[in-house]
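Report on the following structure.
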Amino acid sequence: MNKGSKILTLFLVSLLVSSSVVPLEARKHHHNKKSKHQKQRGGGKGSGSSPAPAPLPDYNQTQSTIFNILSFGAKGNGVFDDSKALIAAWKAACKIPGATLQIPSDYKFLIKPITLNGPCMPQLVLQQIDGDVLAPPKVSSWSKSSLFQWLNFKWLHNFTIGGCGTVDGQGFNWWTVSTLYNNKKKGKHIPDMKPTALRFYSSYNVTVRDITIRNSPQCHLKFDNSGTVKVNNITISSPESSPNTDGIHLQNTQDVEIQHSNIGCGDDCVSIQTGCSNIHIHHITCGPGHGISLGGLGKDKSVACVSNIVVENISIQNTLSGVRIKTWQGGVGSVKNVSFSNIQVSDVKVPIMIDQYYCDKYRCKNQTGAVAISGIKYDQIIGSYTVQPIHLACSSQIPCIDVDLIGIQLNPSSGSRGFQSALCWNSYGKSQAPLVPSSIDYCLRRGSGAVRRIARSHDHACY
């Protein structure tokens, strides 16, 4: 080997040695960093073997759509305020399509008045309300700004509330205050208004099913300025003596179906107010309470528009009214195309009522004008009453027209001392047998063209 070859060989050997040393040192440095990291996580002296490093996240794995309120800091003991946890869970679920917010069973969640805003991703479900959701029981703990509602849902689309749990308004103290107020006695806290338990505002494609709502300070379930609403298989419960505790209250809401539910409260089982149309109520048990009502409408000379209401296959027991329409004197607008059919009543004070002289105090001022009422059908209203079978008190200025009484069979309850005859004033339409009591057959007057023109000239405000 010549001198040049020897020099080249030494250079190559040197290069190979240096390249093998650098990776070795690099690996040694990497191992030392890893050991230090493991010690910080609990490895090292006295800890036994070091834990395995956490696996890298699988970015192909589907993100969870279940959001349990307990995972957001809720205690669920009925004492700790879990409002912040519910809001946090809501905000997280709201961002995920098809998410479910869970309120688990065997817990009691104290929630202060809150608003849960949308819009959220589609198909959000506040489901599995299997535990109890409790309102603050002390009237004094509610701020003045929170008195309109307790749980407020706004601007939601494609939203469902379900589960087998209970939403409890704990309204007993509110009712005591109301009693004191009505008796003109002074209490420490007499708010001007009382909160609704659940309220939906400007929400569409909403379903409420299976849950129990009880003891609301005022109305239990309210829909305002909403549409395409379904209520199915719910229970609403508060004592007969609880004032103004409507079961379900509809206002400026269209396309509603309420079915297969039990409602007992201190006011209307279902209350339908102005701006409502295309409402279908069926297979409902109502009582105690004030029955199923349209109104009061037209208060303070306001415009009221209600149309296309179907109420059928209903059982009503021990209520103030059965099915009724109530309007204030002086109102404007119309109630039309309303059908009450297959209604079973038991010990109801007045099963069939139209009252265009509605007044919620001892005396109200007489006024001209009224909400026009037309196209009202009562079909197969059967059972017992305690005060009067039918009370149709239509406005003296604007008659009720196209009122049908078909197959009405109402007998006095056992031991009742009520009126045996029907009361009908300025009401026009037709009746069809069988009719019990027989005085129903003479209740309605036959209308002329002039009567129709008078009645229909007053419903233009709803066109």
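Search the stretch 414-440 for residues that are under 17 Å from residue 348 (Cα atoms) and assigned by the TED database to the domain that holds residue 379 and pair each with any residue that is open to solvent by 60 Å² or more (accessible area, probe 1.4 Å) and among the basic types (Lys, Arg) when their beta-carbon atoms are under 9 Å apart and the residues are at least 6 apart or on different chains.
Listed by first residue and then by second, the contacts come to 418/349.
Restricting to the stretch 292-351, name every residue that is among the polar types (S, T, N, Q), outside any strand (DSSP E or B) and within 17 Å of residue 268 (Cα to Cα).
Within the stretch 292-351, just 318 meets the criteria.
Restricting to the stretch 341-369, give me the number of residues that are at positive phi and not acidic (Asp, Glu).
Residues in the stretch 341-369 being at positive phi and not acidic (Asp, Glu): 2 in total.
Kindly indicate whether residue 123 is under 19 Å from the mean Cα position of the chain (by Cα), at pLDDT below 95, under 30 Å from residue 168 (Cβ atoms) and open to solvent by less than 100 Å² (accessible area, probe 1.4 Å).
No; evaluated as a whole, the condition is false for this residue.
Any chance the stretch 451-462 includes a residue that's in the same structural domain as residue 341 (by the TED database) and under 17 Å from residue 387 (Cα atoms)?
No, every residue in the stretch 451-462 fails to be in the same structural domain as residue 341 (by the TED database) and under 17 Å from residue 387 (Cα atoms).
Return only the number of the condition from (1) at pLDDT 95 or above; (2) open to solvent by 10 Å² or more (accessible area, probe 1.4 Å) that residue 153 does not satisfy.
Failing condition for residue 153: (2).
Tell me, which residue of the stretch 168-211 that is farther than 30 Å from residue 121 by Cβ and among the polar types (S, T, N, Q) is modelled with the lowest pLDDT?
So the residue we want is 183.
Yes or no: residue 381 assigned by the TED database to the domain that holds residue 324, among the β-branched types (Val, Ile, Thr) and farther than 18 Å from residue 353 by Cβ?
Judged against the criteria, residue 381 is not a match.
Condition test on residue 335, is it within 30 Å of the chain's Cα centre (by Cα) and within 26 Å of residue 278 (Cα to Cα)?
Yes.
Of all the residues that make up the stretch 242-263, how many are assigned to a strand (DSSP E or B) and open to solvent by 10 Å² or more (accessible area, probe 1.4 Å)?
So the count comes out to 8.
When you check residue 278 against the structure, is it within 26 Å of the chain's Cα centre (by Cα), touching a residue at least 12 places away in the same chain (Cβ under 8 Å) and either open to solvent by less than 10 Å² (accessible area, probe 1.4 Å) or closer than 22 Å to residue 409 by Cα (or both), yes or no?
The answer is no for residue 278.
The values are calculated or read from the model by the stated rules, or taken from the named source; none is laboratory data. What you are looking at is a predicted structure, and each value in this text was computed from that prediction instead of being measured. Backbone-built Cβ (ideal geometry, glycine too); neighbour counts: all protein chains shown. When the accessible area is computed, the model is the full protein with side chains, heavy atoms only, and any ligands, DNA or RNA have been set aside. Shrake-Rupley method; radii C 1.70, N 1.55, O 1.52, S 1.80 Å.
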